[in-house]
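Engineer: Starting off with a structure, shown below.
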Amino acid sequence: MPHAFPLFPQEASTLAPAVDHLFYFLTAVSVFFSALIFLLIFYFAVKYRRRSKDEPPPKNQVVNNIPLEIMWTVIPMILVTIMYFWGADIFVRNSLPPPNSTEIFVIGKQWMWHIEHTNGKREINALHIPEGVPIKLTMTSQDVIHDFFVPAFRVKKDVLPDRYTTEWFEATKVGKYHFFCNQYCGMGHSLMRGWVYVMTPQNYEKWLNSGVTGATMAEQGEKLYHQYGCITCHGTGKGPAFVGLFGKPVKLSTGQTVIANDSYIRESILYPSAQIVNGYPAIMPTFKGQVTEEQVLQLTAYIKSLGSKERNTGTP
C-alpha cells in the first residue's frame, strides 16, 4: 500500500514532542478565537441589521460593559503569558547542550555540508549519529549565511560566516531523516540538503571506526600547531600556555575576563589583536587567509584535548 501523505514530519527527537504540543496549543487558540470572532460578527450583523430605511436605531444601546472588558483583557493576557513561558522554556532547553554531548563539527559552504567527527571521519551531505545520545553541532559557514534544519528533530539554527553557532538534539528513533539548508543562500540553495542516519549505539561505533585511516581532529590540530610555529611562543612562555586553557576564564589586558571557548580560540587565531591576554605583548600575527575553517576547528580540537591536563607553562 502507498504511504499516506504525512501532515507533520515524524517526531524523532526528545525535543520534537514539546515543540509539537506548543504548536498544537497555539493553533487551537488561534482557530478558537478566529471562529468565535467571525461567528459573533455574523451573529451581530444579522441580529442588529437595519430592516428598513424608516426603522429608528435602538434606544437601549450599550455604551460600556466593565465585566466584559475585563474578561476580554484578562483572558488573552493569561493565554499569551502561557505561550511566552512555554516557548521560553523550550527555547532555553534547546539552547543548552548537555555536558556529556557528543560534539560534531559542521561547515556550510555553497552548496554543500562538510561534516567531521572528532576521530577525523568526514562526511559530505550526510550525518551519522547514535540513537539516545545528545549530539552537539558546532557550526560555521565558509561563505554566506546558511541554516541547518532537521524537520524530524524540530531543530534549526543559522550557520554564520566568521563565527560559531551550536545546536543540539537527541534522536529517539533509528531511521533516515532529511536535513536542509533553511536560509536562501544562492542559486544552488535547493541542492544543499542531506540525510541524518540514526543508528543504534553499537552500529554507530562500528561505522565511526570503519575505514578511518587518517588522524583524529586533535592529532591534525597538533600537526598544524607545529607546522605554523605556534610552539615557539605558546610553548616557551612568550605567549599564554594552552594546557588546561579551554573552558577556563582568561583575563584580558583591558581588565575584562572572558571564557576560553570555541569562539574565543577562533578569534585568537584569526584576529589575535582583538583580545590580548593580560601580561603578554601583542606579537601574534593573524592567520586569517592562511588557515581554512576546517583547520581552525582542528586547532581548536587540539587545544581542547589539552584541557584535561593540569595548567602549566611548559611545552605541551
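The values are calculated or read from the model by the stated rules, or taken from the named source; none is laboratory data. None of the values given here were measured: they were computed from a predicted structure. Here the Cβ positions follow ideal geometry from the backbone for every residue, glycine too, while neighbour counts run over all protein chains shown.
Engineer: With under 20 Å from Leu297 (Cβ atoms), modelled with pLDDT under 85 and in a loop (DSSP other than H, G, I, E, B) as the only criterion, which of Pro281, Pro272 stands out?
Structural biologist: It is Pro272.
Engineer: Something else about it: Could you list all residues from the stretch 232-250 that are under 14 Å from Tyr280 (Cβ atoms), in a loop (DSSP other than H, G, I, E, B) and in contact (Cβ under 8 Å) with a residue 60 or more places away in the chain?
Structural biologist: Gly235, Thr236, Gly237, Ala241, Phe242, Leu245 - these are the residues of the stretch 232-250 that are under 14 Å from Tyr280 (Cβ atoms), in a loop (DSSP other than H, G, I, E, B) and in contact (Cβ under 8 Å) with a residue 60 or more places away in the chain.
One line per residue, one yes/no per condition, for (1) over 30 Å from Cys185 (Cβ atoms); (2) modelled with pLDDT of 95 or more:
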site: Ile75; (1), (2): yes, no
site: Thr81; (1), (2): yes, yes
site: Val92; (1), (2): no, no
site: Pro99; (1), (2): yes, no
site: Glu103; (1), (2): no, no
site: Gln110; (1), (2): no, no
site: Trp113; (1), (2): no, yes
site: Lys121; (1), (2): no, no
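Engineer: Given the residues Tyr177, Tyr204, which is the only one that is in a strand (DSSP E or B), touching a strand residue (DSSP E or B) at 6+ places or on another chain (Cβ under 7 Å) and touching a residue at least 12 places away in the same chain (Cβ under 8 Å)?
Structural biologist: Tyr177
Engineer: Hey, among the residues in the stretch 1-55 that are assigned to a helix (DSSP H, G or I) and surrounded by fewer than 10 Cβ atoms within 10 Å (Cβ to Cβ), which one's modelled with the lowest pLDDT?
Structural biologist: Among residues in the stretch 1-55 that are assigned to a helix (DSSP H, G or I) and surrounded by fewer than 10 Cβ atoms within 10 Å (Cβ to Cβ), the one modelled with the lowest pLDDT is Lys47.
Engineer: Could you look through the stretch 153-174, keep only residues that are aliphatic (A, V, I, L, M) and touching a residue at least 60 places away in the same chain (Cβ under 8 Å), and pick out the one that is farthest from Leu127 (Cα to Cα)?
Structural biologist: Val155
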